[in-house]
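K.L.:
Take a look at the following structure, please.
Just so it is clear, none of the values below were taken in a lab; they were calculated from the coordinates. Bear in mind that the values here come from a model prediction, so they are computed numbers and not experimental data. All Cβ positions, even for glycine, are placed from backbone atoms using ideal geometry, and neighbour counts span all protein chains on display.
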Protein chains: 2
Amino acid sequence: MKQHNFGAGPCILPQQVLEATSKAVMNFNGLSVLEISHRTKDWESVMDECRSLWKELLNIPDGYQVLFLAGGASTQFMTVPYNLLEKKAAYLDTGVWASKAAKEAVLFGETVIVASSKDKNYSYIPKGWTIPSDADYFHITTNNTIYGTEIREDFDSPVNLVADMSSDIMTRKVDVAKYAMIYGGAQKNVGPAGVTFVIVREDILGKVSRLLPSMVDYRLHIKNDSMYNTPPVISIFVMKEMLKWIKEVGGIEKMEELAKQRAEILYNEIDRNPIFTGTTDHADRSYMNICFVMNEGHKDKEAAFMEFAKSRGMVGLKGHRSVGGFRASCYNALPVESVQELVKCMQEFEKNEK
Amino acid sequence: MKQHNFGAGPCILPQQVLEATSKAVMNFNGLSVLEISHRTKDWESVMDECRSLWKELLNIPDGYQVLFLAGGASTQFMTVPYNLLEKKAAYLDTGVWASKAAKEAVLFGETVIVASSKDKNYSYIPKGWTIPSDADYFHITTNNTIYGTEIREDFDSPVNLVADMSSDIMTRKVDVAKYAMIYGGAQKNVGPAGVTFVIVREDILGKVSRLLPSMVDYRLHIKNDSMYNTPPVISIFVMKEMLKWIKEVGGIEKMEELAKQRAEILYNEIDRNPIFTGTTDHADRSYMNICFVMNEGHKDKEAAFMEFAKSRGMVGLKGHRSVGGFRASCYNALPVESVQELVKCMQEFEKNEK
């Protein structure tokens with residue numbers, strides 16, 4: 001039976017990416033891609049192609065560098081203040097990951113939370129806040145994977161704007177020039193677990209007075225084309241294949257169109273179906289992680305629905321424990337058909353309930 | 001033509017590891033191993049099996065934890081002093097990587113180099129030094145990949161002994177109890193690039209007064225079974241397959257026997273063949289990275305030999321630029337046959353020279 005993978009990450013990848021990877025594991029110019037030295041022309045051309053695809057697909061302006069590092073976005077939570085926080089940092093608290101990012105900054109300097117939606121279990125994006133003009137940077141998490149809220153506009157910021165885009169990078173056009181830095185784990189929309197992308201405007205670096213350990217110093221990684229030490233070879237290879245697929249399918253415009261299409265189909269059903277309800281403010285609904293629960297009077301059927309959906313090939317639908325219910329993660333590689341099948345499940349379950 | 005991969009890392013892997021990985025990329029319990037969530041029983045069983053194999057193969061005593069982290073050994077250069085350096089650290093300088101490790105410690109406290117072999121381009125392991133008894137820890141690099149020297153004994157140390165075993169872990173029996181910590185990148189003897197192993201005696205942690213960022217705090221990773229954040233899934237999967245292979249072939253005893261066999265065959269030829277010479281002190285010769293150059297009078301033939309070896313399917317033989325000549329890296333997965341073929345090359349080249 002076909003599996004419909006709604007997992008929150010690591011995520012579904014296109015079949016052609018899996019096939020290219022499986023093949024390269026057996027043979028990549030005579031060796032396995034798992035075996036080749038990162039100090040070879042063969043590998044350098046993978047790195048170059050991957051970097052070029054990032055620049056092309058996201059339309060990254062001059063003055064920015066694209067790095068491929070290890071350690072996940074969580075490592076960047078520490079690396080961002082290490083490199084950028086001299087006196088004061090400002091954070092928008094839109095969820096657990098945003099909050100974890102801010103927590104690391106506290107070790108490096110004054111850290112201000114400009115606004116938080118924790119009061120309502122992060123079910124909305126706070127409004128009406130002001131970015132302190134004396135902050136070294138302002139940090140946002142554009143998509144909140146756990147709660148299903150998303151910021152889909154590029155703010156004007158009086159200070160360096162830093163965004164964790166782990167779960168919505170390459171799913172909409174982004175005006176990169178409005179950001180000083182964008183980073184994230186690859187394992188949702190642009191690849192597998194094991195590699196982290198960092199897009200950084202070079203002129204913001206080297207301004208803090210502290211000494212930096214080598215591995216947290218972006219300048220060192222820039223100087224060494226992300227190969228100061230052995231990079232996570234296989235994860236970068238898969239990311240490159242994923243970016244190739246994005247380009248072939250139609251680039252970011254197409255990804256944005258598909259994301260909107262998937263989200264509309266599913267939110268329409270959530271709003272129509274009397275036994276389900278969404279968990280977030282409509283205005284802040286994520287296109288990526290679509291969270292819903294069963295209405296009062298049906299709550300006891302959540303486990304039954306999960307089983308029903310599972311029997312129809314739905315994988316990874318369980319909501320995060322801090323929200324409960326269901327979460328359909330609809331990343332770049334998820335076919336619209338999978339969402340349609342989920343909607344069918346919801347409709348059939350509704351019928352059976354009557 | 002069969003390739004003989006003498007690359008210094010990422011390294012050759014056994015055919016069965018490549019096949020299992022290639023297959024799992026296409027299908028791992030219904031999804032791809034690149035797609036499965038790390039918060040599933042399927043994945044947890046991979047993590048558990050990998051941890052168990054580490055403990056079993058290396059005979060790791062109680063009181064130690066085995067972590068699988070991202071970022072390579074270079075990240076540990078910073079993480080070790082972050083966690084362990086309160087006042088003073090001691091380092092043995094046996095090469096560029098040892099020296100880089102010490103350089104990071106300097107940011108965290110007094111750092112003493114107890115001895116160095118830099119005076120002779122790291123061609124030997126320094127002798128006759130004393131470990132300062134007031135140091136928080138003493139750091140060694142057991143195998144020096146670039147220069148081809150190796151420490152193949154487990155020191156008695158009056159202070160916590162910390163070893164970077166990136167390039168010789170699982171190639172000889174190690175008395176783990178003599179170490180407070182052993183770490184390294186997987187990409188030489190135990191897997192692919194992208195995952196770092198850390199074996200740490202738990203009672204040495206939590207003794208420093210500084211506050212630790214989350215991602216450098218070993219206690220946090222212990223508490224979360226190496227899954228505080230998304231782990232490098234595919235790299236851990238390949239490592240687990242590699243450990244399974246080591247076990248099937250005969251465990252560390254067999255790895256040690258094969259390492260010795262490969263090294264003896266090649267060093268014997270280096271010592272016998274009048275046109276080649278080794279670059280390190282005999283007593284400190286590495287079983288892993290076997291470095292040699294052409295003798296005076298033949299120096300101009302190095303490029304020709306490289307071409308000749310290449311035409312016979314030898315890959316990755318070029319010595320590191322700081323040593324020159326040739327480096328045959330003979331990691332766990334390298335068949336003895338590959339070394340025999342290299343020796344044939346050397347003998348034929350010698351014949352043609354006459």
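K.L.:
What is the dipole size for the protein assembly as shown, taken about its Cα centre, with +1 at each Lys and Arg Cβ and -1 at each Asp and Glu Cβ, in debye to the nearest 20?
P.N.:
On the way: 82 positive and 90 negative charges, 48 e Å.
Its charge dipole is roughly 220 debye.
K.L.:
Along each of the three principal axes of the Cα atoms of the protein assembly as shown, give the extent in whole Å, ordering the values from largest to smallest.
P.N.:
Reported extents, whole Å, longest axis first: 88, 53, 51.
K.L.:
I'd like to know which of B:ALA115, B:THR230, B:SER133 lies farthest towards the positive end of the charge dipole of chain B, counting +1 on Cβ of Lys and Arg and -1 on Cβ of Asp and Glu.
P.N.:
B:THR230
K.L.:
Please work out the FRET efficiency for the pair A:MET227 and A:LYS354, using the Cβ-Cβ distance as r and a Förster radius of 60 Å; give the result to the nearest 0.05. Show your work: numbers first, answer last.
P.N.:
Values: r = 61 Å, r/R0 = 1.01.
The value I calculate is 0.50.
K.L.:
Which whole-number percentage describes the relative contact order of chain B, with Cα contacts under 8 Å and a sequence gap of 6 or more?
P.N.:
23 percent
K.L.:
Taking the Cβ of B:PRO61 as the centre, find all other residues whose Cβ is under 15 Å away and add up their charges (Lys, Arg: +1; Asp, Glu: -1). Let's see the in-between values first.
P.N.:
Numbers: positive: B:ARG51, B:LYS55, B:LYS173, B:LYS178, B:ARG201; negative: B:GLU56, B:ASP62, B:ASP154, B:ASP175, B:GLU202, B:ASP203.
Within the 15 Å Cβ shell, the charges total -1.
K.L.:
Take the Cβ-Cβ distance between A:ASP62 and A:GLU153 as r, set R0 to 25 Å, and report the resulting FRET efficiency rounded to the nearest 0.05. Write down the numbers at each step before the final one.
P.N.:
On the way: r = 24 Å, r/R0 = 0.95.
Calculated transfer efficiency: 0.60.
K.L.:
Across every pair of different alpha-carbon atoms, what Kirkwood hydrodynamic radius in Å does region B:15-249 reach?
P.N.:
Details: mean 1/r = 0.0545 Å⁻¹.
After inverting the mean inverse Cα-Cα distance, the result is 18.4 Å.
K.L.:
Over the whole of A:223-235, what's the average partner chain Cβ count within 10 Å per residue? Rounded to a whole number, please. It would help to have the intermediate numbers written out before the result.
P.N.:
On the way: counts 0, 0, 0, 0, 0, 3, 10, 15, 4, 11, 6, 12, 9.
Mean partner-chain Cβ count within 10 Å for A:223-235: 5.
K.L.:
Order B:296-306, A:63-73 from most to least packed using the mean count of other Cβ atoms within 10 Å. If you can, show how the numbers build up before the last one.
P.N.:
Values: B:296-306: 13.5, A:63-73: 22.4.
Ranked by mean Cβ neighbours within 10 Å, highest first: A:63-73, B:296-306.
K.L.:
At a 10 angstrom cut-off on C-beta neighbours, averaged per residue, how do the peptides B:44-50, B:181-187 rank from highest to lowest?
P.N.:
Details: B:44-50: 16.7, B:181-187: 27.3.
So the order, starting with the most tightly packed, is B:181-187, B:44-50.
K.L.:
Taking a threshold of 28 Å on the Cα-Cα distance, which of the pairs A:LYS41/B:LYS351; A:LYS188/A:LYS318; A:LYS118/A:LYS344; A:LYS41/B:LYS127 fall above it?
P.N.:
Values: A:LYS41/B:LYS351 32 Å; A:LYS188/A:LYS318 17 Å; A:LYS118/A:LYS344 34 Å; A:LYS41/B:LYS127 39 Å.
Table pairs above 28 Å Cα-Cα are A:LYS41/B:LYS351; A:LYS118/A:LYS344; A:LYS41/B:LYS127.
K.L.:
Another one. Which peptide among A:160-169, B:120-129 comes first, and what is the full order, when sorted by highest mean count of other Cβ atoms within 10 Å? Could the numbers behind the result be given before it?
P.N.:
On the way: A:160-169: 25.7, B:120-129: 16.1.
So the peptides A:160-169, B:120-129, ranked by packing, come out A:160-169, B:120-129.
K.L.:
Give the average, rounded to an integer, of partner chain Cβ atoms located within 10 angstrom of each Cβ in B:68-79. Don't skip to the end; give the middle numbers.
P.N.:
Working: counts 0, 3, 12, 10, 8, 2, 7, 9, 1, 4, 5, 2.
So the per-residue partner count for this stretch is 5.
K.L.:
Shifting gears a bit: Within 10 Å of each Cβ in peptide A:12-24, how many partner chain Cβ atoms are there on average? Round it to a whole number, please. If you can, show how the numbers build up before the last one.
P.N.:
Working: counts 4, 5, 0, 2, 0, 4, 8, 2, 1, 8, 9, 3, 2.
What the average comes to for A:12-24 is 4.
K.L.:
Then there's this: Which Rg and Dmax, in Å, describe the Cα atoms of region A:251-353?
P.N.:
Reported Rg and Dmax, both Å: 13.1, 44.
K.L.:
What spacing in nm lies between the two simple spin-label points modelled at B:GLU110 and B:LEU220, each 7 Å away from Cα in the Cβ direction?
P.N.:
Calculated label separation equals 3.0 nm.
K.L.:
Rounded to the nearest 20 debye, what is the charge dipole size of chain A about its Cα centre when +1 sits on each Lys and Arg Cβ and -1 on each Asp and Glu Cβ?
P.N.:
On the way: 41 positive and 45 negative charges, 112 e Å.
For chain A, the charge dipole is close to 540 debye.
K.L.:
Related question: On a 0 to 90° scale, report how tilted helix A:302-311 is relative to the longest principal axis of chain A, with both axes built from alpha carbons and the result rounded to the nearest 10.
P.N.:
On a 0 to 90 degree scale, this one is about 80.
K.L.:
Which value at 222 nm does the protein assembly as shown reach when only helices count, each DSSP H run of 4 or more adding -39,500 (n - 2.57), with the total divided by all residues and rounded to the nearest 500 deg cm²/dmol?
P.N.:
-11500 deg cm²/dmol, from helical runs alone.
K.L.:
Efficiency by 1/(1 + (r/R0)^6): what FRET value for A:ASP300 and A:ASP271, r their Cβ-Cβ distance, R0 = 25 Å, to the nearest 0.05? Working shown, then result.
P.N.:
Values: r = 22 Å, r/R0 = 0.89.
According to the calculation, E is roughly 0.65.
K.L.:
Report, in degrees rounded to the nearest 10, the 0 to 90 angle that the Cα long axis of helix A:233-249 makes with the longest principal axis of chain A.
P.N.:
The angle comes out near 60 degrees.
K.L.:
A follow-up question, please. What does the extension gain come out to for B:SER322 and B:HIS282, with contour length at 0.36 nm per residue minus their alpha carbon separation? Write down the numbers at each step before the final one.
P.N.:
Working: separation 40, 0.36 × 40 = 14.40 nm, distance 1.94 nm.
Gain in length upon complete extension: 12.5 nm.
K.L.:
I need the inter-copy label distances for B:ALA115: point set 7 Å along Cα to C-beta, values in nm with one decimal, smallest first.
P.N.:
6.4
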